[in-house]
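The values are calculated or read from the model by the stated rules, or taken from the named source; none is laboratory data. As the structure is a prediction and not an experimental result, all values here were calculated from the model. Positions of Cβ are generated from backbone atoms using ideal geometry, with glycine treated the same way; all protein chains shown enter the neighbour counts. Each accessible area value is taken on the protein alone, full model and side chains, heavy atoms only, with ligands, DNA and RNA left out. Shrake-Rupley method; radii C 1.70, N 1.55, O 1.52, S 1.80 Å.
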There are 2 protein chains.
Amino acid sequence: MNSLEHREEIPSQSSWKRISIENVRPAIDDGRYPIKREVGDSVFVQADIFRDSHDKILARLMYRKSGSTRWERTPMHCVNPGLDLWAGDFSVHEVGSYEFAIEAFCDAYGSWVFDTHKKVDAGVSVEMDQLEGVSLLEKALQWFPQGQQSGLRQFLNAVQNAKTSTEKTAILFDPMLVHLLETHPDPSTQVVSDRSYPLWVDRIKARYSTWYECFPRSCGTSEDVSGTFRDVEKRLPDIKDMGFDVLYFPPIHPIGSTKRKGRNNSLICKPGDPGCPYSIGGKAGGHDSIEPSLGTMDDFERLTQKACDMGIEIALDFAINCSPDHPYLKNHPNWFYHRPDGTIKFAENPPKKYEDIYPLNFDTPDKEGMCNELKRIFLFWAQRGVRIFRVDNPHTKPFQFWKWVIKEIHNLYPDVIFLSEAFSRPKIMKKLAKVGFSQSYTYFTWRNSKKELIDYFSELSNQPETDFFRPNLFTNTPDINPFFLQSGGAPAFKIRAVLAATLSPSYGIFSGFELCESESIPGREEYLNSDKYEIKVRDWNKPGNIKITIATLNKIRRENPAFQELGNLRFYHAENENILFFGKSLWNNNLLVVVNLNPFQKEHSFIYVPLENYGLKPGENYEVVDLLSDKRFFWKGVKNYVELDPNEEPAHVLRIEARDPSGQS
Amino acid sequence: MNSLEHREEIPSQSSWKRISIENVRPAIDDGRYPIKREVGDSVFVQADIFRDSHDKILARLMYRKSGSTRWERTPMHCVNPGLDLWAGDFSVHEVGSYEFAIEAFCDAYGSWVFDTHKKVDAGVSVEMDQLEGVSLLEKALQWFPQGQQSGLRQFLNAVQNAKTSTEKTAILFDPMLVHLLETHPDPSTQVVSDRSYPLWVDRIKARYSTWYECFPRSCGTSEDVSGTFRDVEKRLPDIKDMGFDVLYFPPIHPIGSTKRKGRNNSLICKPGDPGCPYSIGGKAGGHDSIEPSLGTMDDFERLTQKACDMGIEIALDFAINCSPDHPYLKNHPNWFYHRPDGTIKFAENPPKKYEDIYPLNFDTPDKEGMCNELKRIFLFWAQRGVRIFRVDNPHTKPFQFWKWVIKEIHNLYPDVIFLSEAFSRPKIMKKLAKVGFSQSYTYFTWRNSKKELIDYFSELSNQPETDFFRPNLFTNTPDINPFFLQSGGAPAFKIRAVLAATLSPSYGIFSGFELCESESIPGREEYLNSDKYEIKVRDWNKPGNIKITIATLNKIRRENPAFQELGNLRFYHAENENILFFGKSLWNNNLLVVVNLNPFQKEHSFIYVPLENYGLKPGENYEVVDLLSDKRFFWKGVKNYVELDPNEEPAHVLRIEARDPSGQS
């Protein structure tokens, strides 16, 4: 309870300051957690800054990379005097931790200039005021840095030598002099924001990334023989052609044999069943080993390099699950839960049992040893070139573990990206993002109606969410075969692909999506004959696939920077409840997306284009090009007509063409 | 800059806690300033409380009067599991400073009961689980207080002696046992909110008060002779009959004679002109003296007592203005601003000069001496029974001065109420409320249209505003003769009286309002022949006065507790843009107010009654009584018709009558 015993004291009169700096933003939970940005971003900071009385103030934004002893400073400006709103910004160019704060000063000379100007304008004598101005300048000499004093003295001399009152005033009002005083404000009046506000800068991929998930063992040519990393190499051109830049593997570690699960999650494992990769650990090792049937560490590193050469990064799964055969059970039995009979406790979700998985106990007496080992696993793979981890079920491990381990990894590898696979309650998903996860899975997979999509993405694309929570929209995963895809055929797959690719700068698919695979366990959102429990072989060019749509979408994303951002998402009005209409703009890249959410039939609608965003006049003609179909449409004014047949293309992804600068429109 | 150098460290593994307590509210600026409540209130506290994994947690609200070493505790409950929202409350019964915080614990036994229940329900064997339950109870003995251990041991013995597994389970699930564990949670898992949150409790008058402002010198019978405190005594029955409970005087201190202002703020003061009471200080003394023409200190104390006997409190003005004759100028010249020629600087708002007023300089080197003197002035009057101060222009003095002086006064007289007279920018008005002002003047006087009133009062009557900013609506002041009143005649005065009296639990009028005085300086919102610069004599029963309306309104406020609150204000739909329709409810006191905002003509409208608030069914009949006119109306359902003729009464103040419990409706 000690933390609560500290009572705030009111400072003595001598340390009273006149200025208030309040409501500094962006800030997560009042600065308890860092906001997130990416390299190249401009960080726009606002605060309410004011003082009593009518005197002028000056404010500056301070910022630095963490660890630096020197603050950079840039002036802030009052952008709304009625609301005392001040703003400033700075740019971030390096991956890593930054912090910012605000300082403000009383501007006695600026106030004097302002008041004296009014007197001059009113024709009032200002001789006494001139003396006051000079006295303010002389006082300023006390705090002016040595190197700047001569400049100030020159102005003082000029005033002394001035022959007329008008001349004196002109010198005292000289903008150069005013600027000199503004850049060297009275340090005794300095007020600093209550704290510095943390900021974490990631590389751009943390915001903009395009994921393809597959099981390496399903990349081979036989259902009886595991695919290998060499087989994955052969898949790279196809994945590259579809436009993905992250290739994510579920666990690649040795799979346990004790209590191994059979096909379709069966408790009975038949001979030859390969087991579930999430039941990690066997004779060949644990989390720092590779399942022998996939290949060797050398094979893995070779694949990583080949992928890298093609602009594809390998992402690994980090799943803190141990099979009954994991070396930890022997070497560190005290890292697990024990039952009263001394046995180690397997995972349960009462009354269900998961006898092939043993969870680690984060309340173990050897917490330090266990956490350091988990950190070692991350570092082990980072040393082998892995810079993206998709973390399995982080919401069942302590938040403080993640905060600690992410910081530890970032200390050595600041470019590592962590994706949180938590499908949990909103506060928990947000907390994981606050403590450091770079990206997060979302509820996207279950948001299908227009209202659901608008509500959810209005939240995700606005502050405070955009300051710390980066959604990565998965259309499907090995665990999620959504009802929408089960029933809607290829049009449904296209609809979800367009939504994922254009609503969010990061999205992903799990292999088979491009082939419109949807066979499910009846009545459940699970795949029948899932890759999780067996080796699969696919015809990657199966008729009816939507690879061209996906490739086109990813090309559109690469070529249109507005799709590489999230906070620029805006929903617009479409009359039809099955037509979703939204836009994204960045500089002169103006995009509009119209999606028919109904995979079963053609829908048409009037849609309302926000002309003012594009500098278009009410009745003006303009051209939009559908980047999916290459068709061009000539639209006029706000209200335009669309019709979308899901059996052709369920969406328009439109770019508003720049007007011909020579013509009227 | 030292405050910014402190970097948050991540605690070592051994001190990691599992639970997060976030977003504790109500809190002003994350607990930097106290929320405000009044004696008898229940303080409703909410927070987002959650942990990783699925285990159960317990949370408690802690609270205490400041200075007490012992925290009271009351359980919090999860009121929205999906949002991890927890809530609890406690009551405050004493004026003064309180604080609250939240603590939470892991509930291992509760989780065990929950999980084991599911196994029992599924018919799974729970013998091993029973052993686990017993082991949890044995572990709990380690932290159970001595006096509570025997209870726990009895349950443990009962389990040992139970003959069947079913019996064992029944004992382990015993609600008494579960409750015992809930009330003694594992202290090693305790998490406490980041800070304690401050709360200031005022007496009820800080919320609910009815102010009458007058100049004592205008309470006499001759324009040539100052009215006195004895004359004010004669006014008390009239003020009492109108229903006011605070009588507020502009400054009653000696008025300077040097540079004294004449009538109508003239720079030329004619012989006999009494001067402006805001130019404080003369031969007879300063802020701790009484203007001799008003009477003696004994007279003042006698008046205060007589008023008190009639249920009226005297409020004094606290105006930090000095006339050229104030003793401070002689005794403490260093408390003022000096010009380069050594003269003391009078007030200016360039190019305007106020040569009769010298402002104090809060940057004086003798800040401590000056502030202590100002504190002494407050205490001087508090010692003479004054418990309400209306503070003039607080926004031109440092916020930290107010924070300090209000705290100092409250240390000795916690029942003092401070009203902030700042008509400044919103952030500044709010800041003054945050640093301690009990009540605040508002922009009410300039909010006349339906939209303006709804916008402004929606802000004032909702959190966070209601937690710290208590509006006191003045219909007029000696400085503000609003255009609306200048042109609208008696109907305008009634409209503004009804709005002030029913929108806010605190409001006030400046004398003359009840007589519908509106003569102005042409084109300005200022009174012609203002009391500020001359002695006035009024016929207090002048024909056309609205004293009965005011008396009735104040009686309605006394008899209907819903009008004594602010946060219960709700606006409802009226079709006519000149008809404002709103309601307030408290327990079974259900009030609806319909105001015709147009003083010039009759308006009618359909209005939409929120039946569901009153437990009324869609087509149901009910009776409303107009507390202003005593008329009764029989209404049916949601949509009802009103018409209001401003020349009769411009408003209905309606109470929904309780339904006859014997009949159907």
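Sort B:S449, A:S424 from largest to smallest accessible area, using a 1.4 Å probe on the heavy atoms of the protein chains.
B:S449, A:S424
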Sketch the reach of a paramagnetic label on A:A158 as a point 7 Å from Cα along Cα-to-Cβ, and name the residues of segment A:131-152 whose backbone nitrogen lies under 13 Å away.
A:151-152
Please compute the average number of Cβ atoms from other chains found within 10 Å of each residue's Cβ in peptide B:12-23.
5
Beta bridges by DSSP in chain A, antiparallel share as percent, to the nearest 5:
70
For B:Y413, tell me the accessible area in Å² from a 1.4 Å probe, rounded to the nearest 10.
40
Please compute, for the alpha-carbon atoms of the protein assembly as shown, the extent along each of the three principal axes and give them in descending order in Å.
116, 89, 61
Roughly how many Å is it from the Cα centre of segment A:27-49 to that of segment A:147-197, as a whole number?
32
Can you name the residue in chain B whose Cβ lies closest to the B-to-A rotation axis, and give that gap in whole Å?
B:D30, 2
Measure of exposure for B:F474: accessible area at 1.4 Å probe, Å² rounded to 10, is 10
Using alpha-carbon positions, what is the distance between the centroids of segment B:562-624 and segment B:58-95, in Å?
35
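Could you grab the relative contact order for segment B:570-659? Cα pairs under 8 Å, six or more apart, rounded to a whole percent.
Relative contact order of segment B:570-659: 33 percent.
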Whole Å is fine, so just give me how far the alpha carbon centre of segment B:482-502 lies from that of segment B:231-249.
21
Only helical DSSP H runs with n ≥ 4 go in: add -39500 (n - 2.57) per run for chain B, normalise by residue count and round the 222 nm mean residue ellipticity to 500 deg cm²/dmol.
-8500 deg cm²/dmol
Express as a percent, rounded to the nearest 5, the fraction of DSSP beta bridges in the protein assembly as shown (both residues included) that run antiparallel.
70
Residue mean of other protein chain beta carbons inside 10 Å, A:30-42
1
Expressed as a fraction of 2.2 N^0.38 Å, the rule-of-thumb size for a compact globular protein of N residues, what is the C-alpha radius of gyration of segment B:570-659?
1.02
Reachable aspartates and glutamates, given that their alpha-carbon falls under 19 Å from the alpha-carbon of B:K240 and they are not under 8 places away in the same chain
B:E213, B:D231, B:E301, B:D309, B:E313, B:E514, B:D539, B:E559
Shielding of A:350-360 by partner chains, average beta-carbon count, 10 Å
3
Largest to smallest accessible area among A:H287, A:H332, B:H54 [probe 1.4 Å]
B:H54, A:H332, A:H287
Set A:K36/A:K451; B:K367/B:K431; A:K397/B:K56; A:K36/A:K205, cut-off 24 Å on Cα-Cα distance; pairs above it are A:K36/A:K451
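Output the pairs from A:K450/A:K547; B:K494/B:K631; A:K584/A:K636; B:K450/B:K532; A:K17/B:K407; A:K306/A:K542 with a Cα-Cα distance over 23 Å in this structure; if there are none, say none.
A:K450/A:K547; B:K450/B:K532; A:K306/A:K542
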Spatially proximal lysines relative to A:K283 (Cα-Cα < 18 Å; intrachain offsets below 8 disregarded):
A:K259, A:K261, A:K330
Mean Cα-pair separation over length for chain B, i.e. relative contact order, pairs under 8 Å, 6 or more apart, %
10
Given an 8 Å cut-off on Cα distances and at least 6 residues of separation, report the relative contact order of segment B:109-184 as a percent.
36
Please report the accessible area of A:C308 (heavy atoms, 1.4 Å probe, ligands and nucleic acids excluded) in Å², nearest 10.
80
Give the aspartates and glutamates reachable from B:K65 as a straight Cα distance under 12 Å; neighbours fewer than 8 places away on the same chain don't count.
B:E94, B:E99
